[in-house]
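Readers should treat all values here as calculations from the given coordinates under stated rules, not as data from a laboratory. Everything numeric here is computed off the predicted structure, so don't read it as measured data. Neighbour counts are summed over all protein chains in view; Cβ atoms, including those assigned to glycine, are modelled from backbone coordinates with ideal geometry.
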Amino acid sequence: MESTTANLCAELGWPFLLASQTERHPKMNEQEFIANMEELLETDPGSISLATQLESLSQWDSLAFVSFLAMADSKYGVRVTPTDLRQSKSIGDLMKLVEKR
């Protein structure tokens, strides 16, 4: 069926993409995630790692909490629940939240 659809689209001049070609959010890598968190938290590059504890960050407040929920959705296409987010203790935990969905 796929080739028939592709052929029909080609005849009509319509674009044809496989589902794998339209993935909205590519697989994340650790460096990219940390860079996004540094931007969200307005910290200097290299100032946090996956091991950084959220309670040690003065920037981890209610605004950062909500901003993380928005970032997870907009950058990674993941809807994290506030309950799951409250259970996170480190930057690594936050990354796991976005990876597991």
**OP:** Return P(r) of the stretch 25-99 (all Cα-Cα pairs; 5 Å bins starting at 0; whole %; ordered from short to long distances).
**Re:** 3, 16, 32, 30, 15, 3, 0
Original post:
Mind checking the dipole of the stretch 25-99: about its Cα centre, +1 per Lys or Arg Cβ, -1 per Asp or Glu Cβ, Debye to the nearest 20?
Top reply: 300
